[in-house]
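Note sheet for the following structure.
The values are calculated or read from the model by the stated rules, or taken from the named source; none is laboratory data. The shown structure was predicted, so the numbers you read here are calculated from the model rather than taken from an experiment. Glycine also receives a Cβ, built like all others from the backbone with ideal geometry; neighbour counts cover every protein chain displayed. For accessibility, only protein heavy atoms count, side chains too; no ligands or nucleic acids. Shrake-Rupley method; radii C 1.70, N 1.55, O 1.52, S 1.80 Å.
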Amino acid sequence: MRRAVWPALVAGLVVVAIFAAGCGSSRVTQAQQQGDVQSLILALQDQDASVRREAAEALGKLGSAQAVPVLVKTLRDQDSAVRLSTIEALGKIGDPKAVPGLTEALESAQSLGGELLADEQEAAAKALAAIGDARAVKPLVRYASENHDVAVRALVEIGKPAVGPLTEVLEGKARAARTVAAEALGEIGGTRAVKALIASIPVGYSAARDALVQIGKPAAGPLIEALGSEKAIVRSTAAEVLGELGDRRATAGLKAALDDSDAGVWEAASDALALLYRKDVEKLLPLLRASETVHIYYGLIGLGKKGTQADLVTALETYGYEAMAEDYLNSGNAKLEAAARRWADAHGYYITTLPGFV
């Protein structure tokens, strides 16, 4: 008889367990409907992981800051689904007190087996973005090595509070971190971001350049000022970006840069002016008639517009020098090549066509 009783008893225990779980779930639903935060906080201690998970979700929907300290502790729950729901709940509540805990989850989310839990890290990044606290910036920059796109989007969502810490990252030695910071600043924008990006050009030209182009015309004013920088790389990059922005307010500064002592700067300025005036290039031709601005030839050659060759030939004959003649010879334009050879013969120079130069 005893042997016959045990299966029934076990089955009864299973029914009781299922019933208990069901009751837990219904209690959570009832507490949420009533806005009973205290009961939901107590439910975070339930032995059933599904009840804890539902309690965390409910607290997130209610948006109760009162629950934040307990939810932060729940970030260390042994059940991954509970942790994930807790992270999402903290993001919905948006209380800055959750930042340290979420940062820890972002940087060290691991299972008991030791592997990183990518879904929890991504959720933590999004939660930190929703809270918008500047303390999350540097951890998010580090997280970019795991998930670049999510990290950058989170930084951009934080917005202006992120600019200061991102500026500090731009000044650091880690190239990958600087690239992430520049990309985020390029999307956030603003005068402070523009100035920080310009200052970072010497240590991160490519990232800073792309970010400034991303910001667009609002960056034009500081870039025009940067044409007067003591550093040639800053002047040349400023000229390059101004050309791409298409803002003719830069014209005067770019004209002045045509007389820069650094070839990289005046080449960039010449190309920029050619871009700005490619649809009415005739406005640039008078610059060929003065030694201070004759370097406009470089951009005009690259533009390759018809009707400019005669003025370019005259400029070479009037202000020519060896490197200028070589540029003409390698222009791919028959008239300019012939003019370069005549100039070389007349001045006793030997100039050559460079392989692959167009």
Item to check | Residue list for the stretch 279-305, filter: modelled with pLDDT of 95 or more, touching a Lys or Arg at 6+ places or on another chain (Cβ under 8 Å) and not aliphatic (A, V, I, L, M) | outcome: Thr293
Next on the checklist: Looking only at the stretch 324-333, how many residues end up being part of a helix (DSSP H, G or I) and either open to solvent by less than 50 Å² (accessible area, probe 1.4 Å) or at pLDDT 95 or above (or both)?
Outcome noted: 5
Next on the checklist: For a quick check of your reading of the model, give me the residue pairs whose first member lies in the stretch 111-126 and is closer than 20 Å to Val99 by Cβ, whose second is small (Gly, Ala, Ser) and at pLDDT 95 or above, with beta-carbon atoms closer than 8 Å and at least 6 apart or on different chains.
Outcome noted: Ala123/Gly91; Ala125/Ala151; Ala125/Ala154; Lys126/Gly91; Lys126/Ala154
Checklist entry - When both residues are 6+ apart or on different chains and their Cβ atoms are under 8 Å apart, which pairs have a first residue that lies in the stretch 26-55 and is farther than 19 Å from Arg83 by Cα, and a second that is among the hydroxyl-bearing types (Ser, Thr, Tyr)? => result Arg27/Ser39; Ala31/Ser39
Checklist entry - Can you name the residue in the stretch 301-314 that is out of contact with any Asp or Glu (no Cβ under 8 Å at 6 or more places or on another chain) and assigned to a helix (DSSP H, G or I) and is also surrounded by the most Cβ atoms within 10 Å (Cβ to Cβ) among such residues? => result Leu312
Item to check | Residue that is closer than 17 Å to Tyr319 by Cα, among the small types (Gly, Ala, Ser) and in a loop (DSSP other than H, G, I, E, B), where the choices are Ser261, Ser270 | outcome: Ser261
Checklist entry - Applying the selection to the stretch 218-252, what residues are closer than 17 Å to Tyr277 by Cβ and of a type in the set (Lys, Arg)? => result Arg248, Arg249
Next on the checklist: Any residue at all in the stretch 45-56 that's among the small types (Gly, Ala, Ser) and open to solvent by 40 Å² or more (accessible area, probe 1.4 Å)?
Outcome noted: yes
Next on the checklist: Being surrounded by fewer than 22 Cβ atoms within 10 Å (Cβ to Cβ), under 31 Å from the mean Cα position of the chain (by Cα) and within 26 Å of Ala310 (Cα to Cα) is the filter here; which residues of the stretch 256-270 pass it?
Outcome noted: Ala263, Gly264, Glu267
Next on the checklist: Being more than 16 Å from Ser270 (Cβ to Cβ) and modelled with pLDDT of 95 or more: is that true of Glu317 here?
Outcome noted: yes
Checklist entry - Which ranges mark the helices (runs of 4 or more DSSP H) fully within the stretch 63-156 that have 3 or more residues being more than 22 Å from Ala174 (Cβ to Cβ) and either within 25 Å of the chain's Cα centre (by Cα) or hydroxyl-bearing (Ser, Thr, Tyr) (or both)? => result 80-93, 99-108, 118-131
Next on the checklist: Exactly one of these conditions fails for Ile93: (1) within 20 Å of Leu166 (Cα to Cα); (2) of a type outside the set (Lys, Arg); (3) open to solvent by less than 60 Å² (accessible area, probe 1.4 Å). Give me its number.
Outcome noted: (1)
